[in-house]
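Notes to accompany the following structure.
Bear in mind that the values in this text are calculations on the coordinates, not laboratory data. Everything numeric in this text was worked out from a predicted model, so none of it was measured. Backbone-built Cβ (ideal geometry, glycine too); neighbour counts: all protein chains shown.
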Amino acid sequence: MHDINLLTVYKTVDNAIVKEIEDELVIITMNENISNIDSSIYTINATGKIVWGKLDGQNSLAKIIEILVCEYDVSKDKVEKDIKELILELLEKGLILEKK
């Protein structure tokens, strides 16, 4: 797995439409050709939705992990692993950007 720096701050992209459907988020990017609609739609589960909401360009990944560990009964190692996986997916899909 590519190493993700936990001190990095990310923000969500501006060109996405985000809709909450039950306990998930559906994200549609506007930069894809409509003929390739499958690659333009991404779904995030309830846990990912919480992380998505904290990718505001202010919080480092370390801070987000700290918040989740304090708010939920989950181990730091588990949260860190899950966040790193989610961040890699979001980066691959072009849904988040590193704040410079």
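Assorted remarks:
- Top positive-direction residue, dipole computed over the chain with Cβ charges, set Ile96, Thr43, Ile27: Ile96
- Taking Cα centre as origin and charging only the Cβ of basic (Lys, Arg, +1) and acidic (Asp, Glu, -1) residues, the dipole magnitude of the stretch 9-98 rounds to 200 debye.
- Percent RCO, i.e. relative contact order, over the stretch 9-98, from Cα pairs under 8 Å lying at least 6 residues apart: 35 percent
- What the Cβ-Cβ distance of Ile67 and Met30 gives, at R0 = 30 Å and to the nearest 0.05, is a FRET efficiency of 0.55.
- Kirkwood hydrodynamic radius of the chain, from inverse mean 1/r over distinct Cα pairs, in Å: 14.0 Å
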